[in-house]
Amino acid sequence: MVETREQRAALLGLAVLAILPWAADAIGQGFVITLASRVLINALAAVSLDLILGFGGLVSFGHAAFFGIGGYVVGILAFHAGEGEALFGLVPGTDQALIALPAAVAVASLAALAIGALSLRTSGVHFIMITLAFAQMVYFLFVSLKTYGGDDGLIMSRRDGFPGIDLRDNTVFYYLCLAALAAFLALCDRLVGSRFGMVIRGCRENERRMAALGYATYGYKLTAFAIAGAGAGLAGALLANHDKFASPDMLHWTKSGELMVMVILGGMGTLYGAVLGAFLLIGLESLLAAFTDHWMFVLGPVLILVILFADRGLWGALAGASRDG
Amino acid sequence: MAEALLAVEGLTKRFGGLAATDRASLQVEEGTIHALIGPNGAGKSTLIAEIAGEIEPDAGRIRFAGQDITALPVAQRVKRGLVRSYQITSIFPGLSALGNVAIAVQATQGNSYRFWSRARRDPRLLDPARALLEEFGLGPRAAIRAADLAHGEQRQLELAMALATGPRLLLLDEPMAGMGAEESAAIVEALGRLKGRITMLLVEHDMDAVFALANRITVMVYGRPIASGDAAAIRANPEVRAAYLGEGDA
């Protein structure tokens, strides 16, 4: 199975991540586990963005919408479970991850389907702006929902339950995040290499030509957009659980920007690079924030250097040439 | 006589005050290479785009294989076998030469909502794609990124892609544009080999190529075909000579 340098690099990364909690305990730095969980969750969202940004060439500036929606679905379901009162008098709340996480994925992908259906009628700068506008609408919608905390966000009393394991344990939660990320990466890896993936790449390269070949490109792009929304929704649902908090910050346009930075740092159209980008961005942030509030001052030049000199980002530097075929 | 494979009747397209296509009529018989010539700005590319479905005409009808396709979108026309290539090379620059043709082959094999099996290991895509690359002399270049191919090779690739879709009628808009003599000769040879197998409507400025390939030639000036006939008839036509001399461009 392991044939390429890229696969070796990915497996090595997985091995490092698998022993990380053990290593963190060994050096007595338990907080590293919660930090690493946040990184994995952000990586999941960044990978989902790379699917449409890197492979589809769809510069969505509203990916935080699906991230935040995923978080709020978990938060709102837990809120109604606590109140013992059904949502709209119809949907009962739940504090079970096996219900809440799939619900978050479903709602986020439906939202992506709706937003994508309208946004994908445009392209280029218009697409960037319309996805941004939709995401801001979602942001202000949740800020105005006073029942669910408005500006302050929605606090959960505890993480969701999961049969057989205790998600309140940070190490257990870390492995849940790692499993979710690995599963989504495996899925995306097959996806981008499949016939569907070829069509998505073709749309990035030359959409007019795709139409001339007889492809109805809109449906393929919309499907990719919805799958990406589902991935971001799962990430958001995990973050809300991790922090026991769904906040409007998850929906803010700066979150969309952060996810884009992760993808670009790691290398667009590489999937695994987005994981690397998440590590670098959040790592730099926590490291430098200890010294200065102006950590962006360091990040900016790093980003510029990567864009100028590394064609496929950091992952390209590690894993070698493109496997675009 | 049976109806022509492609029949254009009274096609008109106005851009503001300018009639880019002016009540144009044209018939392309199955199995022929039909050349469309005329001075720059005569509306050849516009006519091709209308036939391909990229530009909607203001009036007139287009019939293909006995059916009215005037209102059909591009993808539907392609499915019926009406396929075009571009004057400006239109390929997928970031994909390999093989990948370019494979994506064209894939378009003929039903919908692509297939998410799991690896397209780059699928012989149903790769075998026909390799065969087409061989036919156009690109076999050894299969793994090269299309962006890194020479200009002439990119044009060859473009033709291979157009053929991969299994066309009944190929619309070729200046397939030899910007090519050296040697590269042009290779294209003429490749098209010559396809003659009789695939019907072509060819827009081309290179008169040697046109006279070498075409069974029938239509001359277009100011959006209207002014003459149609075989090579000898067109050479002798005084109207054609006047139009060309008047424009000072061939």
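The C-beta contact set for region A:31-57 (first residue in a helix (DSSP H, G or I), second residue basic (Lys, Arg), distance under 6 angstrom, 6+ apart or interchain) comprises A:PHE55/A:ARG201. Restricting region A:199-217 to residues that are within 18 Å of B:LEU98 (Cβ to Cβ), free of Cβ contacts under 8 Å to residues at least 60 places away in the same chain and part of a helix (DSSP H, G or I) leaves a set whose member that is farthest from the other protein chains (Cβ to nearest Cβ) is A:MET210. Every listed requirement among (1) more than 9 Å from every other protein chain (Cβ to nearest Cβ); (2) at pLDDT 90 or above is met by B:PHE115 save one, (1). In this structure, B:GLY110 qualifies as more than 9 Å from chain A (Cβ to nearest Cβ), surrounded by fewer than 17 Cβ atoms within 10 Å (Cβ to Cβ) and either in a strand (DSSP E or B) or free of Cβ contacts under 8 Å to residues at least 60 places away in the same chain (or both). Residue pairs whose Cβ atoms lie under 7 Å apart, separated by 6 or more positions or on different chains, with the first residue in region A:275-294 and modelled with pLDDT under 90 and the second open to solvent by 30 Å² or more (accessible area, probe 1.4 Å), are A:LEU284/A:TRP295; A:LEU284/A:VAL298; A:GLU285/A:TRP295; A:SER286/A:LEU35; A:LEU288/A:TRP295; A:LEU288/A:VAL298; A:ALA289/A:TRP295.
Looking at B:ILE37, B:ILE48, just one residue is away from every other protein chain (no Cβ under 14 Å) and closer than 18 Å to B:MET200 by Cα, and that residue is B:ILE37. The set of residues from region A:100-122 being surrounded by 15 or more Cβ atoms within 10 Å (Cβ to Cβ) and assigned to a loop (DSSP other than H, G, I, E, B) comprises just one member, A:LEU120. If you go through region A:121-139 one residue at a time, do you hit one that is within 14 Å of chain B (Cβ to nearest Cβ) and of a type outside the set (Gly, Ala, Ser)? Looking through region A:121-139, none of the residues is within 14 Å of chain B (Cβ to nearest Cβ) and of a type outside the set (Gly, Ala, Ser). Under the condition of being within 8 Å of chain A (Cβ to nearest Cβ) and of a type in the set (Lys, Arg), which residue from region B:68-87 is farthest from B:LEU172 (Cα to Cα)? Per the stated criteria, the residue is B:LYS79.
Scanning region A:158-166 finds one or more residues that are closer than 19 Å to A:SER247 by Cβ, open to solvent by 10 Å² or more (accessible area, probe 1.4 Å) and away from chain B (no Cβ under 14 Å).
The helices (runs of 4 or more DSSP H) located wholly in region A:218-325 that include 1 or more residues which are touching a helix residue (DSSP H, G or I) at 6+ places or on another chain (Cβ under 7 Å) and over 22 Å from A:ILE33 (Cα atoms) occupy A:253-266, A:296-309, A:313-319. Look at (1) under 20 Å from B:GLN106 (Cα atoms); (2) open to solvent by less than 10 Å² (accessible area, probe 1.4 Å) and you find that A:ARG204 fails only one, number (2). In the set (1) under 23 Å from A:LEU213 (Cβ atoms); (2) away from every other protein chain (no Cβ under 14 Å); (3) under 16 Å from the mean Cα position of the chain (by Cα), the condition left unmet by B:PRO57 is number (3). Being facing chain A (nearest Cβ under 7 Å) and closer than 20 Å to B:ASP173 by Cβ holds for only one residue in B:SER96, B:SER90, and it is B:SER90. Looking at A:ALA211, A:ALA226, just one residue is open to solvent by 10 Å² or more (accessible area, probe 1.4 Å) and either at pLDDT below 95 or charged (D, E, K, R) (or both), and that residue is A:ALA211. Within region A:179-198, the residues that satisfy the criterion of being of a type outside the set (A, V, I, L, M), in a helix (DSSP H, G or I) and without any contact (Cβ under 8 Å) to a residue 12 or more places away in the chain are A:ARG190, A:GLY193, A:ARG195. Taking the criterion of being open to solvent by 10 Å² or more (accessible area, probe 1.4 Å), within 13 Å of chain A (Cβ to nearest Cβ) and touching a residue at least 24 places away in the same chain (Cβ under 8 Å), the residues of region B:131-150 that qualify are B:ALA142, B:ALA143, B:ILE144, B:ARG145, B:ALA147. A:LEU87 satisfies every condition listed in (1) out of contact with any helix residue (DSSP H, G or I) (no Cβ under 6 Å at 6 or more places or on another chain); (2) of a type outside the set (Val, Ile, Thr); (3) within 21 Å of A:ALA240 (Cβ to Cβ); (4) surrounded by fewer than 16 Cβ atoms within 10 Å (Cβ to Cβ) except (1).
The values are calculated or read from the model by the stated rules, or taken from the named source; none is laboratory data. The model shown is predicted, which means the values in this text are computed figures rather than measured ones. Because the Cβ atoms are built from the backbone with ideal geometry, glycine has one as well, and the counts that use them run over all protein chains shown. The protein model used for the area step is the full one, side chains on, heavy atoms only, and it has no ligands, DNA or RNA in it. Shrake-Rupley method; radii C 1.70, N 1.55, O 1.52, S 1.80 Å.
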